[in-house]
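Read the structure below first, then the notes.
The values are calculated or read from the model by the stated rules, or taken from the named source; none is laboratory data. Just so you know, these numbers come straight off a predicted model, no measurement behind them. Methodologically, a virtual Cβ is constructed for each residue, glycine included, from the backbone with ideal geometry; neighbour enumeration extends over all protein chains shown.
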Amino acid sequence: MNLSIKTFRIISTLEAISFLVLLGIAMPLKYYAKIEAGEMIVRVVGMLHGLLFIAYVLGSFIMKGKLKWSVPTLLIVILCSVLPFGPFYVERKYL
């Protein structure tokens, strides 16, 4: 699979934004504001985030080969995917 650094950067940014929207907007609407549409919003944003997360992790493995990352670097990049602002850090430090 031929994945460019620019494409991975876009996936990384979208994954980070979707995670922040899920944690900062969708979940509070569902659990704190008790808005009826909150459950649907969480479902849609959660699905989108899940797809972007999978694309990010798969892209990380592709970038490992392309950018000659070591295994510890790959693990840091993948670990950053579960931190709210982690992918932004990866973009600055490793891409």
Count, please, the residues in segment 52-95 that happen to be in a helix (DSSP H, G or I) and more than 9 Å from the chain's Cα centre (by Cα). 26
Give me the residue from segment 41-59 that is touching a residue at least 40 places away in the same chain (Cβ under 8 Å) and of a type in the set (Gly, Ala, Ser) and, out of that set, nearest to residue 9 (Cα to Cα). 59
Out of 38, 46, which single residue is surrounded by 13 or more Cβ atoms within 10 Å (Cβ to Cβ) and modelled with pLDDT of 90 or more? 46
What pairs can you find where one residue is in segment 80-94 and without any contact (Cβ under 8 Å) to a residue 12 or more places away in the chain, the other is among the β-branched types (Val, Ile, Thr), and their Cβ atoms are less than 8 Å apart, with a gap of 6+ or different chains? 80/90
Matching residues in segment 3-31 (under 17 Å from residue 94 (Cα atoms), free of Cβ contacts under 8 Å to residues at least 24 places away in the same chain and not aliphatic (A, V, I, L, M)) number 2
